[in-house]
Amino acid sequence: MDVRIRFLGDEQRPYYKEIEDGTSGHPLSSFECDSGSRTAIERRPRRYSIDVQSFIEEIAAEYGMPNLGIDDDAMLELQKLDWTGNVRELHNVMERLAILSNGNISAQDVLDYAVPRKKKQPKNNNMYHDFDKFQNFKDHVEKQFILNKLEQNGWNISKTAETLDIQRSHLYNKMEKYGIRRDN
């Protein structure tokens, strides 16, 4: 039987001494054991067997969250994730989940907050379909931008022109072009 043991630890602390002394109780000191052939290990995604509960207890104490917990479904969702980082990243994810959850980390919290994802833009945004020519689209966006800046500056033309980094006369021309008046 071929057994491989990997020690996961923090480079900044001499864990080998703590293990020899029997004083290592830090949550980053965990073992992952595997038996079998080398090819079977390489095919499997990299996963850490870390006691997540110890992270939760540590974070709860640090942030004063006595009722912090994690659902079984949330643990299953965490196990499904393909961790590309290290143990410290896992600790940071657990900290983020603890802060963003409402005292109990749920499976939905894991899906929403564990791994930052880019928000998908809706494919059928009606604004893009309203224009058949690029120039018409640019004019619409420019008009909305100018209106927004005018409202932010209380319709003060000088301040708005300065904010837009254009001359006042140029702003007046744009306002006339797009039919922008204060009573709009």
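Tell me, which helices (runs of 4 or more DSSP H) wholly within the range 25-81 include 1 or more residues that are surrounded by fewer than 12 Cβ atoms within 10 Å (Cβ to Cβ) and modelled with pLDDT of 50 or more? Break it down into steps so the answer makes sense when it comes.
On the way: elements: 38-43, 52-63, 72-80.
Counting at least 1 such residues, we get 52-63, 72-80.
Within the range 82-104, the set of residues being among the aliphatic types (A, V, I, L, M) and surrounded by fewer than 15 Cβ atoms within 10 Å (Cβ to Cβ) comprises 99, 100.
Within the range 125-177, the set of residues being part of a loop (DSSP other than H, G, I, E, B) and of a type in the set (A, V, I, L, M) comprises just one member, 166. Look at (1) of a type in the set (Asp, Glu); (2) more than 30 Å from residue 174 (Cα to Cα); (3) modelled with pLDDT of 85 or more and you find that residue 139 fails only one, number (2).
The values are calculated or read from the model by the stated rules, or taken from the named source; none is laboratory data. Source: prediction; values computed, not measured. Because the Cβ atoms are built from the backbone with ideal geometry, glycine has one as well, and the counts that use them run over all protein chains shown.
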